[in-house]
Amino acid sequence: MLKNKKILLGVTGGVAAYKAVDLIRRLKDEGASVNVIMTDASKNFITPLSLEIASGNKAYSNIFEDPLSHINLPRDADIMVIAPATANIIGKFANGLADDLLSACMLSFRGKVVIAPSMNWRMYENPIVQENLNKLKSFGVIQAGPEKGALACGEEGVGRMAEAADIIEAIKSSFS
């Protein structure tokens with residue numbers, strides 16, 4: 001179902017950013033091509049080189065490197081996926097902010113969007129985050145996860161990024 005689909009993957013600055021490599025590999029195994037946009041914060045958790053090797057494409061992050069990247073990258077994509085989606089990027093998306101390449105691409109994208117929230121359970125349960133997620137869902141954004149389990153801080157709760165297989169199922173369901 002993902003054969004020849006063009007996926008624009010946004011990777012944000014959460015500890016689950018390293019899981020993007022596995023997600024990319026699995027998407028490519030399904031026949032999809034993947035372009036990656038990294039936030040500056042994501043580079044604290046994973047390198048552009050890791051994502052470039054996994055995807056076979058350049059990992060984009062600088063909105064000023066190519067003055068039309070915020071138009072061209074989304075225009076060429078069939079779907080946009082944000083994994084992990086931090087509270088910060090969820091807030092930006094929900095409120096129409098476009099101060100980096102990923103959020104600018106989100107505003108110019110006209111297709112289906114899947115987000116995979118990932119954060120501490122306290123952040124996830126915050127009423128502001130929940131309001132932002134509900135706002136995004138009202139605009140048709142598909143939410144994959146988060147899951148309950150052990151979190152990076154050593155606590156248990158809802159906030160773990162969905163597994164790659166579950167994110168891929170959400171992507172596939174958006175095409176049906």
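Placing unit charges on the Cβ atoms of the charged side chains and taking the dipole of region 6-174 about its Cα centre, the candidate lying farthest along the positive direction among 101, 33, 86 is 33.
For residue 92, neighbours were defined as the other residues whose beta-carbon sits under 10 Å from its Cβ, and their charges (Lys and Arg +1, Asp and Glu -1) total -2.
Distance distribution P(r), region 1-105, all Cα-Cα pairs, bin width 10 angstrom from 0: 16, 52, 30, 2 percent.
Across region 113-146, the residues whose backbone nitrogen lies under 14 Å from the label position 7 Å along the beta-carbon direction of residue 155 are 119-127. Taking the convex hull of the alpha carbon positions in region 6-174 and averaging its projected area over all directions gives 8.6 nm².
Taken about its Cα centre, the chain carries a charge dipole of about 400 debye when Lys and Arg each add +1 at the Cβ and Asp and Glu each add -1 at the Cβ.
Here, each number is a calculation from the coordinates, and none is a lab measurement. Keep in mind that this is a model prediction, so the values were computed, not measured. Using ideal geometry, Cβ is built from the backbone for each residue, glycine included, and neighbour counts are taken over all protein chains shown.
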